[in-house]
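Note sheet for the following structure.
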Amino acid sequence: MPEIKSFAVGPDTSLNVNISGNHGPTLIFLHFWGGSTRTYSQVISKLSLDFCCIAIDFPGWGSSTGPQSPDAYSITQLAIVIESLIPRLEIGDFTLVGHSMGGKVAQLITGRRLVKGLKGVVLVAPAPPTPLVLPADMKEQQLSAYSSPQSAEFVARNVLSSTKLDDETIAMLVEDMTRGNEFAKAAWPNYAMAEDIVEVAKKIDVPILVIAGELDKVETLDRVKKEVLCNVNGAEIVVVLGSGHLLPVEAPGEVSSLVREFVEKL
């Protein structure tokens, strides 16, 4: 069982942190829009014997609290919160692992170079550093995606994943998607996906591994190649065949093996 800690990082923000394993290189896991520390449970179970695995709930998601404000959940604000937390973890050198929105946050943290000890980054089905502005109808669909268990289950089964997930995994995903606070839910489609962090991402100077899903409908392989690889110097890509956007739950074995191989080479 992981050690569970809570860190106050502001008057209305407390971060839930799960720590598994207490030796070996340190990995910090950042989840997707709608996820939580549980998104990485299967990956961490395969790594925690040899790594110190630290999974964090972003503000407003999972068991973390966040501001009751519609404009408090930008990529920049999420990065600042994580940057303020990392020194308090007292961990030394570490590798960031960011999935989807968490990957965009990881790119910003890495390019800002404000945190000591960051040795490498694994971007899992990452949101690119480029801005994405959705048409009005698509934006409305995203804003309502997590509004009910029924809509969240549809999204999990038909949009986010490309493999058949078991009912227990779907139930976990749906619970996490729907329990996020209203402002955290709305931030990504309203403004966070439109943030342009390209110039900061171009300053990244640590090794980067990109893990992409062959069948990803959200961050398509073509988009990841054009908008992540072309803006992050030296990034290498590995494509997981037959998998969609939810790589940590669709292909935890492949993701954990790739993370392990990457970190062992640092």
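Quick look at the numbers
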| read-out | value |
| --- | --- |
| Subset tally (residues that are closer than 13 Å to PRO126 by Cβ, of a type in the set (S, T, N, Q) and surrounded by 18 or more Cβ atoms within 10 Å (Cβ to Cβ)) for the range 218-266 | 1 |
| Residues of the range 92-114 classified as farther than 22 Å from ASN231 by Cα, surrounded by fewer than 20 Cβ atoms within 10 Å (Cβ to Cβ) and modelled with pLDDT of 95 or more, total | 1 |
| First in the range 11-23 and over 19 Å from GLN42 (Cβ atoms), second anywhere and among the acidic types (Asp, Glu) and buried (at least 16 other Cβ atoms within 10 Å of the Cβ), Cβ under 8 Å, 6 or more apart | LEU15/ASP57 |
| Any hit, the range 19-29, residues being under 28 Å from GLU182 (Cβ atoms) and not aliphatic (A, V, I, L, M) | yes |
| Answer residue from the range 224-254, given it is assigned to a loop (DSSP other than H, G, I, E, B), farther than 21 Å from ALA194 by Cβ and at pLDDT 95 or above and is nearest to the chain's Cα centre (by Cα) among those | LEU246 |
| Selection status of LEU165, assigned to a loop (DSSP other than H, G, I, E, B), more than 16 Å from the chain's Cα centre (by Cα) and buried (at least 16 other Cβ atoms within 10 Å of the Cβ) | yes |
| Among (1) buried (at least 24 other Cβ atoms within 10 Å of the Cβ); (2) touching a strand residue (DSSP E or B) at 6+ places or on another chain (Cβ under 8 Å); (3) part of a loop (DSSP other than H, G, I, E, B) - the single one ALA127 does not satisfy | (2) |
| So LEU134, is it over 28 Å from THR26 (Cα atoms) and either surrounded by 13 or more Cβ atoms within 10 Å (Cβ to Cβ) or polar (S, T, N, Q) (or both) | yes |
| Failed criterion for GLY117 (all others in (1) in contact (Cβ under 8 Å) with a residue 12 or more places away in the chain; (2) small (Gly, Ala, Ser); (3) farther than 28 Å from GLU254 by Cα; (4) loosely packed, with under 15 Cβ neighbours inside 10 Å hold) | (3) |
| LYS46 part of a strand (DSSP E or B) and touching a residue at least 24 places away in the same chain (Cβ under 8 Å) | no |
| Any hit, the range 227-247, residues being among the hydrophobic types (A, V, I, L, M, F, W, C), without any contact (Cβ under 8 Å) to a residue 24 or more places away in the chain and over 29 Å from PRO70 (Cα atoms) | yes |
| Pick from the range 140-154, criterion part of a helix (DSSP H, G or I) and in contact (Cβ under 8 Å) with a residue 40 or more places away in the chain, ranking: surrounded by the fewest Cβ atoms within 10 Å (Cβ to Cβ) | LEU143 |
| Any hit, the range 37-50, residues being surrounded by 17 or more Cβ atoms within 10 Å (Cβ to Cβ) and farther than 16 Å from VAL255 by Cα | no |
| Strands (runs of 3 or more DSSP E) completely within the range 1-40 that count 3 or more residues being at positive phi and modelled with pLDDT of 95 or more | none |
| Residue count for the range 125-139, restricted to those that are more than 17 Å from PHE32 (Cα to Cα) and either without any contact (Cβ under 8 Å) to a residue 24 or more places away in the chain or aliphatic (A, V, I, L, M) (or both) | 6 |
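So that you can scan it fast, the table gives a plain yes or no per residue for (1) surrounded by 14 or more Cβ atoms within 10 Å (Cβ to Cβ); (2) modelled with pLDDT under 95; (3) among the β-branched types (Val, Ile, Thr); (4) outside any helix (DSSP H, G or I):
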site: MET138; (1), (2), (3), (4): no, yes, no, no
site: ARG157; (1), (2), (3), (4): yes, no, no, no
site: MET177; (1), (2), (3), (4): yes, no, no, no
site: ASP205; (1), (2), (3), (4): no, no, no, yes
site: ASP216; (1), (2), (3), (4): yes, no, no, yes
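The values are calculated or read from the model by the stated rules, or taken from the named source; none is laboratory data. Fair warning: this is a prediction, and the values are worked out from it, not measured in the lab. When we count neighbours, we look across all protein chains shown, and the Cβ atoms used for this are built from the backbone with ideal geometry, even at glycine.
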